[in-house]
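This report concerns only the one structure given below.
Just so it is clear, none of the values below were taken in a lab; they were calculated from the coordinates. The model shown is predicted, which means the values in this text are computed figures rather than measured ones. FYI the Cβ positions are ideal-geometry reconstructions off the backbone, even for glycines, and counts take in every protein chain you see.
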Amino acid sequence: MKEKFYLTYPPALVKQPIIYLLVKKFDLIPNIRGANVSEEMGLLAVELEGPQETIDSAVVWMRSQGVTVEPIEKNVIE
Amino acid sequence: MSNVTGLTCRECGQEYPIAPLHVCEMCFGPLEVIYDYESIRKQISRRLIESRAPSLWRYRELLPVNGEPQVGLHSGFTPLVKADRLAAHLGVKELYVKDDSVNHPTFSYKDRVVSVAISKAIEFGFDTVSCASTGNLANSVSAHAARAGLRCLIFIPADLEQGKIIGSTIYGPRAVGIRGNYDDVNRLCSEIADKYGWAFVNINLRPYYTEGAKTYGFEIAEQLGWRLPQHVIVPTAGGTILPKVAKAFEEMKKVGLIDDPHTPKIYTAQAAGCAPVIHALHKGSDLIVPVKPNTIAKSIAIGNPADGYYVLRAVRDSGGWGEAVTDQEIVEAIQLLAQTEGIFTEPAGGTTVAVAKKLIEQGRIPRNESIVISITGNGYKTIEAVMGHVNQPFTINARLQDFDALYQSLAAPAASPVPAAELH
């Protein structure tokens, strides 16, 4: 299973190795396809590969860390 | 014959064939339609456009469809109202309201983008169309799908108010309420779009869908007598319409429909309770920090707009600006527009009027230049937003003397907060 996400890090998390921790914790394969990191915010376009349940758990964990996790399309509800 | 040659990534420039694709396989950037403008220039003319029916399809050479349009044959070509009474109130010389509150068939600008998306869906051979929406988009997709005889599924938050659900379910789609917060609903819809292969108008058909928004800009220019206004104020939700209005003006120059070389200044309007684009604009940043919406302007309460960055770019490139306004200012502006121009708009329109007022008062928009305010939705869908803010009727017994007494007790019944005497 592969799923594309758009991650937004708040300033407090910009210096944290979120993707490294994600791999250690969930054993997913991240494929970073775009990134824009400043002191103010981090933006990451990433594909995560692994079992669906593991991806779901990883999304819950990232959100608990303060990362905004959205589909690559961002807000699709209009 | 189509004038579309393919799709291109807005970020890395990678090109793709014409297909239901929406993100770049390389960098995940959004895709944009590529046109053959040289060919269009030879085909199109003001006279040809003027000879066609008054709908958004009069600009079909600049839309990404093949052959005859399939739906939305009466969508678009909404009134551009010369708003003299509102102009007098705001103290400006030349003001227009582009009024999509009366767009056909579902009374919002979404009928433009959905007309194009569903025409394209039929062209691609889809038999099912879909969207995730809390209001205007679901209304429009449901209505257009009914007219086209397509299966339709709409996804909504499970706790959405009945009034908003009926505006879509009356057209007979299968509506699915999803429990969970907006983040969960967004993710699930993206997964469904990926898995089921339906025409999700604002996901896998997004490059075509967004092109429909250009017609709002084409019409403004044509209705002004084939000239461009100096200032346009546009609300921002997901960020579809504003960059496409800018693109429309540029395309009209490119294909020879407009001689005027100037670039209109474009201003973005958001509610203070959901203003991620305004925050970035005012900070001089390119980064849109997502927010949790808290405003009565539900139809523009998009905390992380898909095209927010492109709104910023279009506003800056045009030399425009933007502002956010409070819910109180939005309600007052809805009433101001209704009581000066007889147009009842939803809170998104109130936001645009209130922001226009603010920008004029700030001196950002000069009082002696031409201004267009974009009204993108209808107030009859959101009466709860103004309930409690408008006068209640007097109640009397059915006797003439009761009315006489009431009438005499009303000192000077003003028809409007802006008396006719204030007009030029």
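Below are the figures for this structure:
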{"read-out": "Candidate aspartates and glutamates for bridging to B:LYS42, where Cα separation is under 13 Å - those fewer than 8 sequence places away on the same chain excluded", "value": "B:GLU61"}
{"read-out": "Sorted peptide list for B:36-47, B:190-201, criterion being average Cβ within 10 angstrom, highest first", "value": "B:190-201, B:36-47"}
{"read-out": "Where labels lie 7 Å past Cα in the beta-carbon direction, separation of B:ALA19 and B:ALA398 in nm", "value": "7.0 nm"}
{"read-out": "C-alpha long axis of helix B:136-148 to longest principal axis of chain B, angle in °", "value": "60 degrees"}
{"read-out": "Descending semi-axes in whole angstrom, ellipsoid equivalent of region B:304-366, from the Cα gyration tensor", "value": "23, 15, 10"}
{"read-out": "Dimensions in Å of the protein assembly as shown - Rg and Dmax from alpha carbons", "value": "23.5, 84"}
{"read-out": "Within 10 Å of each Cβ in B:131-139, the average number of Cβ atoms from other chains", "value": "2"}
{"read-out": "Per-residue mean of C-beta atoms belonging to partner chains within 10 Å, peptide B:189-197", "value": "3"}
{"read-out": "³J(HN,Hα), Karplus 6.51/-1.76/1.60, whole Hz, each residue of region B:2-18, x for Gly, Pro", "value": "8, 9, 8, 9, x, 10, 9, 6, 5, 9, 9, x, 4, 9, 9, x, 6"}
{"read-out": "Order by protection proxy (mean Cβ within 10 Å, highest first), peptides B:292-300, B:146-154", "value": "B:292-300, B:146-154"}
{"read-out": "Helix B:182-196 axis, angle to chain B major axis (alpha carbon atoms, nearest 10°)", "value": "40 degrees"}
{"read-out": "Set A:LYS4/B:LYS247; B:LYS93/B:LYS265; A:LYS25/A:LYS74; A:LYS2/B:LYS195 screened for pairs whose C-alpha atoms are more than 19 Å apart", "value": "A:LYS4/B:LYS247; A:LYS25/A:LYS74"}
{"read-out": "Translational D in µm²/s for region B:110-212 (Stokes-Einstein at 25 °C, 0.890 mPa s, Kirkwood Rh from C-alpha pairs)", "value": "185 µm²/s"}
{"read-out": "Ordering of B:348-359, B:256-267 by packing [mean C-beta count within 10 Å, highest first]", "value": "B:348-359, B:256-267"}
{"read-out": "Rounded to whole Hz, the Karplus (6.51, -1.76, 1.60) HN-Hα couplings of region B:355-372, x for glycine and proline", "value": "5, 4, 4, 5, 5, 5, 5, 6, x, 5, 9, x, 6, 10, 10, 6, 10, 10"}
{"read-out": "Compactness of chain B as Cα Rg over 2.2 N^0.38 Å, two decimals", "value": "1.00"}
{"read-out": "Under 15 Å from A:LYS24, Cα to Cα: aspartates and glutamates that are on another chain or at least 8 residues apart", "value": "A:GLU49"}
{"read-out": "Relative contact order [Cα under 8 Å, 6+ residues apart], region A:2-71, whole percent", "value": "45 percent"}
{"read-out": "Point-charge dipole on Cβ atoms (K/R +1, D/E -1) for the protein assembly as shown, about Cα centre, debye to 20", "value": "420 debye"}
